[in-house]
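Data first, discussion second: the structure below is written as structure tokens.
The values are calculated or read from the model by the stated rules, or taken from the named source; none is laboratory data. This one's a predicted model, so the numbers in the text were calculated from it and none came from an experiment. Glycine gets a Cβ as well: all are built from the backbone with ideal geometry, and neighbour counts include every protein chain shown.
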Amino acid sequence: MSSVAGHTDSGHVDDETIARAAEVIRGGGVVAFPTDTFYGLGADPFNEGAVRAVFAAKVRPAESPVPVLLGEPGDLRKVAEEPPSGATDLAAALWPGALTLVLTAVDELPDVVSAGAGTVGVRVPDHPVPREIARLLGGSITGTSANLSGEQSLKTSDQVRVAFGDRLDFIVEGVCGEHAAASTVVDFSVSPPLVRRHGAISIDTLRNICLDIVG
């Protein structure tokens with residue numbers, strides 16, 4: 001059964017709530033939290049059972065990979081193999097922000113995260129809540145959107161509560177960022193790198209940093 005913990009009127013989430021969210025994830029649970037785009041679902045990406053619980057909560061097809069959120073850019077190599085220079089250039093310029101990079105996953109990351117593809121979609125969100133939770137857990141959490149598969153992404157804890165009922169272990173009350181679009185996804189596991197999803201960051205902005213990008 002889910003519990004909910006809170007924030008001030010300004011949207012700040014207190015340290016106790018952040019610590020509680022991290023504790024739930026450390027124990028194998030699934031937590032909903034605000035991000036710079038929409039509410040996300042956090043679990044330990046290195047805990048296969050916890051990631052499968054995210055899939056079950058969302059009724060998500062097994063062939064759909066789950067993105068990972070980082071506490072800071074320096075945590076990238078904890079989940080991804082050596083990234084190409086174009087990826088690191090984009091990360092340096094646009095993280096924290098609404099940019100997801102698809103890279104080769106480290107061997108320790110369970111196949112369920114990548115849906116067997118051996119890759120991982122990763123970003124540093126421009127929101128303190130997921131970053132702080134990830135830092136408390138050693139650098140990373142899952143960050144798939146908190147919605148039932150195929151349905152609209154959600155911006156508020158009330159919407160999450162209605163959509164998921166008691167299927168989540170904890171819901172962080174907070175305020176999402178103002179982005180109306182999901183993160184832009186650039187796949188660096190192929191050459192040239194390919195925009196897999198157009199989102200909050202324009203392709204012109206990407207190409208000003210990395211000329212090779214197509215899509």
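Things to note:
- For region 41-75, a residue qualifies if it is touching a helix residue (DSSP H, G or I) at 6+ places or on another chain (Cβ under 7 Å), part of a helix (DSSP H, G or I) and aliphatic (A, V, I, L, M), and the qualifying residues are Val51, Ala57.
- Count of region 69-89 residues, restricted to those that are closer than 22 Å to Ile203 by Cα, touching a strand residue (DSSP E or B) at 6+ places or on another chain (Cβ under 6 Å) and surrounded by 20 or more Cβ atoms within 10 Å (Cβ to Cβ), is 2.
- Criterion violated by Gly199 - all others in (1) farther than 20 Å from Leu76 by Cβ; (2) in contact (Cβ under 8 Å) with a residue 40 or more places away in the chain; (3) part of a loop (DSSP other than H, G, I, E, B) satisfied: (1)
- Any hit, region 62-73, residues being modelled with pLDDT under 95 and over 16 Å from the mean Cα position of the chain (by Cα): yes
- Applying the condition of being of a type in the set (A, V, I, L, M) and crowded, with 17+ Cβ neighbours inside 10 Å to region 183-196 and asking which residue is farthest from Ala105 (Cα to Cα) yields Val195.
- Complete set of residues in region 88-112 that are under 18 Å from Gly71 (Cα atoms), among the aliphatic types (A, V, I, L, M) and out of contact with any Cys (no Cβ under 8 Å at 6 or more places or on another chain): Ala91, Ala92, Ala93, Leu94, Ala98, Leu99, Leu101, Val102, Leu103, Ala105, Val106, Leu109
- Boolean, Leu194 is over 15 Å from the mean Cα position of the chain (by Cα), modelled with pLDDT of 95 or more and either among the hydroxyl-bearing types (Ser, Thr, Tyr) or over 21 Å from Ala21 (Cα atoms) (or both): yes
- Residue check, Ser189 part of a loop (DSSP other than H, G, I, E, B) and either among the charged types (D, E, K, R) or over 20 Å from Gly40 (Cβ atoms) (or both): yes
- Close pairs (6 angstrom Cβ cut-off, 6 or more residues apart or separate chains): over 23 Å from Gly121 (Cα atoms) and acidic (Asp, Glu) in region 167-194, part of a loop (DSSP other than H, G, I, E, B) and modelled with pLDDT of 95 or more anywhere: Asp169/Gly29; Asp169/Val30
- All conditions in (1) surrounded by fewer than 19 Cβ atoms within 10 Å (Cβ to Cβ); (2) touching a residue at least 12 places away in the same chain (Cβ under 8 Å) hold for Leu101, with the sole exception of (1).
- Restricting attention to region 140-154, the residues that are surrounded by fewer than 20 Cβ atoms within 10 Å (Cβ to Cβ) and not hydroxyl-bearing (Ser, Thr, Tyr) total 4.
- Which listed residue is crowded, with 19+ Cβ neighbours inside 10 Å, over 17 Å from the mean Cα position of the chain (by Cα) and more than 19 Å from Thr184 (Cα to Cα), from Ala117, Ala163: Ala163
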